[in-house]
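Student: One structure, as structure tokens, below. Some questions next.
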Amino acid sequence: MAGRKDVFVGIIGMGNMGRLYARVIAAEGWSVNACDREDKFESLKKEFAGIENIHVYANGRSVSRISDYIIYAVEAELLDTVVAAYGPSTKLGAIVGGQTSCKTPEIKAFEKHIPPDVDIVSCHSLHGPTVDPAGQPLVIIRHRASDRSFKLVEDILSCFRSKLVHLSAEEHDRITADTQAVTHAAFLSMGTAWAANNQFPWEVTRWQGGIENIKINLTLRIYSNKWHVYAGLAILNPAAQKQIRQYAASATELFKLILQGKKEELSRRIRSAGEFVFGKQKDQELLLRDDILDKFSLSGVPLHERKPNSHLSLLAMVDCWHKCNIVPYDHIICSTPLFRLWLGATEYLFRQPDLLDDCIRFAIEDETFRSDDLEFTFAARGWSDAVSFGDFDTYRKRFEMPQEYFAPRFADATKVGNQMISTILERTKDIEKAKE
Ligand SMILES: NC(=O)C1=CN([C@@H]2O[C@H](COP(=O)(O)OP(=O)(O)OC[C@H]3O[C@@H](n4cnc5c(N)ncnc54)[C@H](OP(=O)(O)O)[C@@H]3O)[C@@H](O)[C@H]2O)C=CC1
Ligand SMILES: O=C(O)C(=O)Cc1ccc(O)cc1
């Protein structure tokens, strides 16, 4: 009987995710055939020399000819071109899949370029390359596959010990537009605004402690990743554009109410959004508490020294969910750690009435945050435009400026961010267990 070593898993694209996949799959005893661009052949060969079960090839054609399950882990923007180049060489009867974050164009590329005798089972790990995959959601899309092929893919992917979530490509894209894309828009906008104001937020007393830790660490985490990851999942997913546009509209409209001093209207709008999103959570424990949040400080300021904040980014998020008819709790099963942490931050504000009262009062009566909120509103609209224009190069330029600005703090933020992510995983597990 054929053993794991006789099953060849091809990885095309040995970047951050491809490497994670190659290492974990090979460590479980499957044989991995890997490649990146041809010009990286020699260096990749050297890097993986002597690593058991990983064989490096010059290009995707060679990998496709000899592999039983081929995973494309390349930039979403390039996927169609790469599949067009190597897909026709896929081994007879093999299976292909991809790791890109938006599945409709990926499946379209496979249907266009892959021979009809090849099955299609795609996947998407809902976490970044530095996160432990155990317990995180891993979406599997059975697009066109025999039972045997599907079972083989499930067997191979079970090595991540992730939570397998079975969805169609359309379901996947609808959910990730609601969760990932709009969450990233919020963090990207915060980073752009801080950089535009020339502020390292952890050094400014206005932003210290509590949920500020979530905002700051996760913003840095996103900017430490590659721009194309966020560009791909926002630009290529048409549903994402609508949510991101609404996020910018929510930020703008709420900011106008603040400027006009319309406290009643602001309060009514925010509270009805809060009721829509959190109304059914009244008996549930909060995802994040002060003792948990305080473990993750980049600034170290204690709770009693904190100042209130207008929290426009959080108010706009909940307003946006309300306007788009999204109940974020419905998507927990298919969510990234960043989304769960962001939901935890909104919940922390909206489900503690004194905090929300303070926030609304402070937004209207105190001008401390006005110029920050102005920059934030500009930034949110700028990101929405960049996504709507669909231009990858503009997106890249917008991304690279704050990236450069924050780069010196990426190492610290990654460390703290990883701890945050394991904490939120434990918290969601505890809360799920308590519900059983
Ligand atoms: N990073 C993340 O957090 C996550 C990313 N994803 C998705 O996974 C995919 C990979 O992401 P990630 O690993 O982060 O990105 P990387 O940029 O790190 O990796 C992509 C790799 O593919 C290479 N590549 C490009 N063209 C070819 C080709 N013709 N043949 C072989 N290799 C090629 C790239 O080379 P070069 O750099 O020279 O172009 C690069 O090394 C993306 O679609 C991304 O959206 C999914 C989940 C999480
Ligand atoms: O958790 C997040 O949102 C990240 O930033 C990492 C990430 C990026 C792209 C994906 O498709 C999945 C996860």
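Student: Among the residues of the range 84-106, are any open to solvent by less than 10 Å² (accessible area, probe 1.4 Å), farther than 30 Å from SER422 by Cβ and within 16 Å of ligand 1 (Cβ to nearest atom)?
Tutor: yes
Student: Could you count how many residues in the range 129-162 are in a strand (DSSP E or B), touching a residue at least 40 places away in the same chain (Cβ under 8 Å) and open to solvent by 30 Å² or more (accessible area, probe 1.4 Å)?
Tutor: Residues that pass the stated criteria total 0.
Student: While we're here: Within the range 186-195, can you find the residues that are closer than 15 Å to ASP385 by Cβ and either open to solvent by 10 Å² or more (accessible area, probe 1.4 Å) or among the aromatic types (Phe, Trp, Tyr) (or both)?
Tutor: THR192
Student: Still on this structure, I have one more. Give the residues of the range 131-184 that are in contact with a strand residue (DSSP E or B) (Cβ under 6 Å, 6 or more places away or on another chain), small (Gly, Ala, Ser) and closer than 28 Å to GLN246 by Cβ, sorted by residue number.
Tutor: Scanning the range 131-184 gives a single hit, ALA169.
Student: Can you report the number of residues in the range 337-363 which are more than 15 Å from ligand 2 (Cβ to nearest atom), farther than 13 Å from LEU315 by Cα and open to solvent by less than 20 Å² (accessible area, probe 1.4 Å)?
Tutor: 0
Student: So, in the range 164-199, exactly how many residues are assigned to a strand (DSSP E or B) and without any contact (Cβ under 8 Å) to a residue 40 or more places away in the chain? Step through it out loud before you land on a result.
Tutor: So in the range 164-199, the residues assigned to a strand (DSSP E or B) come out as 164-166.
Now drop any that are not without any contact (Cβ under 8 Å) to a residue 40 or more places away in the chain, which leaves 164, 166.
The number of residues fulfilling the criteria is 2.
Residues checked against (1) more than 28 Å from the chain's Cα centre (by Cα); (2) at pLDDT below 95; (3) under 18 Å from SER149 (Cβ atoms):
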residue: ARG19; (1), (2), (3): no, no, no
residue: PHE41; (1), (2), (3): yes, no, no
residue: LYS45; (1), (2), (3): yes, no, no
residue: ASN53; (1), (2), (3): yes, no, no
residue: SER64; (1), (2), (3): yes, no, yes
residue: TYR69; (1), (2), (3): no, no, yes
residue: LEU78; (1), (2), (3): no, no, no
residue: ILE95; (1), (2), (3): no, no, yes
residue: GLU106; (1), (2), (3): no, no, yes
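Student: Continuing with this model, one more query. Which of the residues spanning the range 236-266 are of a type outside the set (Lys, Arg), open to solvent by 20 Å² or more (accessible area, probe 1.4 Å) and modelled with pLDDT of 95 or more?
Tutor: Here is the first cut: in the range 236-266, the ones of a type outside the set (Lys, Arg) are 236-241, 243-244, 246-255, 257-261, 264-266.
If we keep only those that are open to solvent by 20 Å² or more (accessible area, probe 1.4 Å) as well, we get 236, 238-239, 241, 246, 249, 253, 259-261, 264-265.
Passing the criteria: LEU236, GLN246, ALA249, GLU253, LEU259, GLN260, GLY261, GLU264, GLU265.
The values are calculated or read from the model by the stated rules, or taken from the named source; none is laboratory data. Keep in mind the model is a prediction, meaning the values are calculated, not measured. Because the Cβ atoms are built from the backbone with ideal geometry, glycine has one as well, and the counts that use them run over all protein chains shown. For the accessible areas, the whole protein counts, side chains as well, though only heavy atoms, and no ligand, DNA or RNA atoms are used. Shrake-Rupley method; radii C 1.70, N 1.55, O 1.52, S 1.80 Å.
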